[in-house]
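The values are calculated or read from the model by the stated rules, or taken from the named source; none is laboratory data. Note that the structure is a prediction, hence the values are computed from the model and not measured. All Cβ positions, even for glycine, are placed from backbone atoms using ideal geometry, and neighbour counts span all protein chains on display. What goes into the accessible areas is simple: the full protein's heavy atoms, side chains included, and nothing from ligands, DNA or RNA. Shrake-Rupley method; radii C 1.70, N 1.55, O 1.52, S 1.80 Å.
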Amino acid sequence: MLTLLTSMYMMVRTFSSQAEPIRVLVTGAAGQIAYSLLYSIAKGDVFGKDQPIILVLLDIPPMLPVVDGVVMELQDCALPLLREVIPTADEAVGFKDLDAAILVGSMPRREGMERKDLLKANVAIFKAQGGALEKYAKKTVKVLVVGNPANTNCLIAAKSAPSIPKENFSCLTRLDHNRASSQVAMRCGVSSDSVKNVIIWGNHSSTQYPDVHHAKVNVNGAEMGAYDAVKDDAWLHGDFISTVQLRGAAVIKARKLSSAMSAAKAICDHMRDIWFGTKEGEFISMGVYAAGNSYGIAEDLIYSFPIQIKNKTWKIVDGLSINDFSRAKMDATAAELVEERDTALDFLSQ
Ligand SMILES: NC(=O)C1=CN([C@@H]2O[C@H](COP(=O)(O)OP(=O)(O)OC[C@H]3O[C@@H](n4cnc5c(N)ncnc54)[C@H](O)[C@@H]3O)[C@@H](O)[C@H]2O)C=CC1
Ligand SMILES: O=C([O-])CC(=O)C(=O)O
């Protein structure tokens with residue numbers, strides 16, 4: 001019996017090691033987030049330990065010598081899943097036949113800026129890259145927008161690729177989600193995986209609303225609501241929210257560069273959940289197209305919601321109770337997104 005099971009296992013292993021490689025694009029490949037991200041993708045942390053990968057690395061022409069250095073390092077890692085690395089500045093090459101696109105490449109903010117101050121510099125990039133997805137990528141491609149302001153850039157990319165379903169586009173708010181889980185875990189003296197179902201509502205900006213009304217914390221084996229575990233409503237309504245909202249700025253102030261290691265980790269968490277689904281009974285946060293949501297959020301936005309994923313398809317978790325405190329914060333961040341969208345469309349029409 002054991003021999004039979006062992007040979008069946010070997011057959012499955014052999015079959016899966018012959019899987020067709022998937023084609024994964026990372027833009028901004030010469031930048032600091034990409035440098036923290038590429039190793040995890042290439043070694044199988046995101047798309048699976050049996051999934052061969054062709055990595056396409058796109059950056060602007062002057063950065064190609066730097067990308068060449070990254071290619072050399074990836075080769076020197078001797079990673080068995082990495083079948084090919086393609087450095088390029090050409091969209092026709094970069095966006096061809098993609099299974100997944102992680103759009104990082106854009107300008108980061110510096111100390112004293114809000115993320116929406118990047119709109120003018122960055123939104124044109126996402127319009128062009130949406131157009132390139134439309135022209136060259138598979139219609140099934142999963143697109144994750146990281147470059148700031150991430151929600152609005154994602155909306156513009158999706159609008160520029162009308163033949164790819166809007167559901168295939170999402171933006172990164174997982175870093176905010178991880179920040180919120182970690183703050184609660186530290187406050188309760190538990191590990192970060194003892195906290196689940198925090199929610200980031202809205203924009204990846206200082207108006208985002210980190211909400212723990214539906215979060216659970218496992219304290220010494222007993223699962224309880226976050227409010228009962230933390231036992232400090234004033235902190236949860238005050239410093240907790242502002243710490244998460246302003247964490248990106250705090251990292252920039254300290255490092256003089258924006259978050260990169262934690263952003264790369266969040267990108268891996270986000271994409272892995274798209275590929276393999278969320279855990280039973282758990283939800284995560286990501287920015288998705290708001291059409292058809294049951295929370296009264298304007299439809300034509302990319303807004304961060306509580307999300308569950310199965311078979312590579314996400315759905316917004318419906319029916320969570322929303323009190324007046326939460327309602328006001330959810331609406332404020334939606335209003336900022338409407339303003340950003342209208343400004344972006346204005347820039348693009350000039
Ligand atoms: N959504 C999120 O949670 C987070 C978003 N970010 C954002 O990610 C972006 C990248 O950040 P970093 O890697 O730290 O910046 P970086 O400046 O280190 O790297 C950006 C790279 O993008 C490249 N680039 C610029 N225009 C491009 C284009 N049209 N096509 C391809 N590549 C292009 C640059 O040449 C550079 O190599 C920034 O917009 C930053 O604000 C950063 C952290 C978290
Ligand atoms: O704050 C920034 O500019 C970078 C970022 O998005 C983050 O760290 O969340």
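Before we move on, is S326 in contact (Cβ under 8 Å) with a residue 24 or more places away in the chain, over 27 Å from N122 (Cα atoms), open to solvent by 30 Å² or more (accessible area, probe 1.4 Å) and among the hydroxyl-bearing types (S, T, Y)?
no
For the range 30-54, the tally of residues that are more than 16 Å from ligand 2 (Cβ to nearest atom) and either in a loop (DSSP other than H, G, I, E, B) or of a type outside the set (A, V, I, L, M, F, W, C) (or both) stands at 13.
Of all the residues in the range 92-137, those that are more than 21 Å from F347 (Cα to Cα), of a type in the set (F, W, Y) and in contact with a strand residue (DSSP E or B) (Cβ under 9 Å, 6 or more places away or on another chain) number 1. Of all residues in the range 132-169, those satisfying the criterion of being open to solvent by less than 10 Å² (accessible area, probe 1.4 Å), touching a helix residue (DSSP H, G or I) at 6+ places or on another chain (Cβ under 7 Å) and within 16 Å of ligand 2 (Cβ to nearest atom) are L144, V145, G147, P149, N151, T152, N153. Among residues of the range 191-205 being in a loop (DSSP other than H, G, I, E, B) and away from ligand 1 (no atom under 13 Å from the Cβ), the one that is farthest from the chain's Cα centre (by Cα) is S191.
Under the condition of being open to solvent by 20 Å² or more (accessible area, probe 1.4 Å) and either without any contact (Cβ under 8 Å) to a residue 24 or more places away in the chain or within 11 Å of ligand 1 (Cβ to nearest atom) (or both), which residue from the range 96-110 is farthest from A157 (Cα to Cα)? Selected residue: R110. Among all positions in the range 111-120, there is no residue which is in contact with a helix residue (DSSP H, G or I) (Cβ under 8 Å, 6 or more places away or on another chain), away from ligand 2 (no atom under 16 Å from the Cβ), in contact (Cβ under 8 Å) with a residue 40 or more places away in the chain and open to solvent by 10 Å² or more (accessible area, probe 1.4 Å). When restricted to residues that are in contact with a helix residue (DSSP H, G or I) (Cβ under 6 Å, 6 or more places away or on another chain), assigned to a loop (DSSP other than H, G, I, E, B) and open to solvent by 20 Å² or more (accessible area, probe 1.4 Å), the range 282-297 contains 0.
Summed over the range 191-205, residues that are open to solvent by less than 10 Å² (accessible area, probe 1.4 Å) and free of Cβ contacts under 8 Å to residues at least 24 places away in the same chain total 0.
Screening I267 against (1) hydrophobic (A, V, I, L, M, F, W, C); (2) touching a strand residue (DSSP E or B) at 6+ places or on another chain (Cβ under 9 Å); (3) not in a helix (DSSP H, G or I) leaves a single unmet condition, (3). M113 meets each of the listed conditions (1) hydrophobic (A, V, I, L, M, F, W, C); (2) modelled with pLDDT of 95 or more; (3) farther than 30 Å from G225 by Cβ apart from (2).
Quick check on the range 231-264: of everything there that is in contact with a strand residue (DSSP E or B) (Cβ under 8 Å, 6 or more places away or on another chain) and open to solvent by less than 20 Å² (accessible area, probe 1.4 Å), which residue is nearest to ligand 1 (Cβ to nearest atom)? Give the steps one after another, and end with the answer.
Initially, the range 231-264 is screened for residues in contact with a strand residue (DSSP E or B) (Cβ under 8 Å, 6 or more places away or on another chain), giving 240-241, 244-245.
Still in the list and also open to solvent by less than 20 Å² (accessible area, probe 1.4 Å): 240-241, 244.
On the way: F240: 19, I241: 17, V244: 12 Å.
Ranking the candidates gives V244 first.
Being open to solvent by 50 Å² or more (accessible area, probe 1.4 Å) and part of a helix (DSSP H, G or I) is the filter here; which residues of the range 206-230 pass it?
Residues of the range 206-230 that are open to solvent by 50 Å² or more (accessible area, probe 1.4 Å), as a first pass: 213, 216, 218, 220-221, 223-224, 228.
The answer is D228, and nothing else.
A128 fulfils the conditions (1) open to solvent by 30 Å² or more (accessible area, probe 1.4 Å); (2) touching an Asp or Glu at 6+ places or on another chain (Cβ under 8 Å); (3) more than 20 Å from I200 (Cβ to Cβ); (4) more than 10 Å from ligand 1 (Cβ to nearest atom) except for a single criterion, (4).
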